[in-house]
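What follows is one structure encoded as structure tokens, with my remarks underneath.
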Amino acid sequence: MAEAVIYQIFPDRFRRSGRVDEQRLLALKPWGSDPTEQGFQGGDLYGVIDALDHIQAMGVTCLYLTPIFSSAANHRYHAYDYLQVDPLLGGDAALDALISAVHSRGMRLVLDGVFNHCGRGFWAFHHVVENEAASPYRDWFHIQQWPLKPYPGEGESCGYDCWWAIPDLPKFNHANPAVQDYLLRVARHWLERGIDGWRLDVPDEVPQEFWIDFRQTVRAVKGDAWIVGEIWGDARSWLQGDQFDGVMNYRIGWSTLGWAGGKGLRQGYQNPDYPLQPRSTEELLNIWRATTSWYRPDVNRAQLNLLDSHDVPRALHSLNGDLKALKLALLLLFLQPGAPCIYYGTEAGLAGGPNSDRSSGPEPACREAFPWDEDWPADLGAYIQQLAELRRHHAVIQQGELSWRSVGSDGLVAQADGWEIWINRSRNNALALPDPQASAEVLWSTEAATPAGAIAAQSAALLLTAPR
């Protein structure tokens, strides 16, 4: 994972292939419709295959797909069958084809595992709703009262524990050995089918004893499978070597956007786990140092680092459409130990859908359809490919061995033996280089031209500081 570059895909909104028989004659929403919570636009796994040339050209080595199992929700976190790929996505055959296509390119595929809760259409929960206390599956869930009311009226209790009190999402009873056995069987099944790892949804709400068994199960099937948990903050208790390899490192995301955006950062998004606010250079470095100090070096190299995802506003939305700030944020992302993750559409300049100003652009606005047949707001694909090459050619980045320092209020320097990357976030002022850097050879920069002896506003440059 230290060498990986990840691309996250929200399948329903990524690409529609036109080759899924199950979609014929169905009332799909037009591609590019307002990304509201309900309705399907018809992206499928064959569409992902069709886009692999585009994805791999950016230097991506690993795909992460949000849930693909049968579900009545377009995001598919409401699974009703964990052992079947959703027919609207092309079914099991489409996943087999995707696995084969990805592996033939030397790439990897990670799936999203939602093992805390299911959808209320899940077969075992449906059995309980129909049979109530007579159902042999009644102990698969946390039942509080009969009768169950999966569609409660206002002020009514649904009668069972569910995720965040949402009746759509009954919570599994992980103390039940039958539940554990089923979920571990799911983990084994798709690894044996050929996937390369699991991203685990809300794992902090599942007993950690289950994750210890989960890791042992996964490792027994595929010794190099990656296990990454959705823990938004301090994840030390899950990263002691007996549960996860890494987590979704959201701390890198909000701190980096806060620095790159500075006073131009969009305000108003309220999420204590993703506190978007302007950050000083020292604040940024302190957050990075604290985060990496929590974990062993091998854990830091196995993190999934990201600026945005299906759960938070798109980075370009948070940056108020400032493409230069986004390029700096992406550079900082690629300079961290751990695998940088690009949310689909970042390369096309997506910023949150047609109603991105509503609710400050979080879900579902950040889940808009990829505009394959339209002019893109921007094209950052070649730039992302440059960042991937930068990581690939400099192992010191992958190993997390860069040293960082601040320069004034708007400058950052990442240093390694023989070279330095200077980064200037100021929107108005160039950053003067001191001697001997002022005369150093520029090996790469974010802008086509750099002023002599300085880093232009909102730009960065890689300087050779030792003889070749």
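The values are calculated or read from the model by the stated rules, or taken from the named source; none is laboratory data. These numbers were taken from a predicted model, which means no experiment stands behind them. When we count neighbours, we look across all protein chains shown, and the Cβ atoms used for this are built from the backbone with ideal geometry, even at glycine.
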- Which of the strands (runs of 3 or more DSSP E) contained wholly in region 1-116 include at least 1 residues that are of a type outside the set (Gly, Ala, Ser) and farther than 19 Å from residue 339 by Cβ? 69-71, 79-85
- Applying the selection to region 294-326, what residues are part of a helix (DSSP H, G or I) and buried (at least 23 other Cβ atoms within 10 Å of the Cβ)? 315, 316, 317, 318, 325, 326
- Qualifying position, being under 30 Å from residue 162 (Cα atoms) and either charged (D, E, K, R) or in contact with a His (Cβ under 7 Å, 6 or more places away or on another chain) (or both), among 19, 105, 13: 13
- Checking residue 68 against (1) of a type in the set (A, V, I, L, M); (2) surrounded by 21 or more Cβ atoms within 10 Å (Cβ to Cβ); (3) within 22 Å of residue 383 (Cα to Cα), the condition it does not meet: (3)
- Every listed condition ((1) surrounded by fewer than 16 Cβ atoms within 10 Å (Cβ to Cβ); (2) under 22 Å from residue 202 (Cα atoms); (3) of a type in the set (A, V, I, L, M)) holds for residue 134 save (2)
- Query: For region 47-60, which residues satisfy the criterion of being among the aliphatic types (A, V, I, L, M) and buried (at least 17 other Cβ atoms within 10 Å of the Cβ)?
  - Reply: 48, 49, 51, 52, 55, 58, 60
- Failed criterion for residue 313 (all others in (1) more than 25 Å from residue 183 (Cα to Cα); (2) touching a strand residue (DSSP E or B) at 6+ places or on another chain (Cβ under 9 Å); (3) not aliphatic (A, V, I, L, M) hold): (2)
- Note on the structure: When every residue in region 14-46 that is modelled with pLDDT of 95 or more and under 19 Å from the mean Cα position of the chain (by Cα) is compared, the one surrounded by the most Cβ atoms within 10 Å (Cβ to Cβ) is 45
- Would you pick out the residues in region 284-341 that are in contact with a Ser or Thr (Cβ under 6 Å, 6 or more places away or on another chain) and among the charged types (D, E, K, R)? 327
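Conditions (1) outside the structural domain of residue 332 (by TED's automatic domain parsing); (2) of a type in the set (Lys, Arg); (3) touching a helix residue (DSSP H, G or I) at 6+ places or on another chain (Cβ under 7 Å); (4) farther than 18 Å from residue 329 by Cα, marked per residue:
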| position | (1), (2), (3), (4) |
| --- | --- |
| 380 | no, no, yes, no |
| 386 | no, no, no, no |
| 421 | yes, no, no, no |
| 431 | yes, no, no, no |
| 441 | yes, no, no, yes |
| 454 | yes, no, no, yes |
- Is it the case that some residue within region 381-396 is at pLDDT 95 or above and polar (S, T, N, Q)? yes
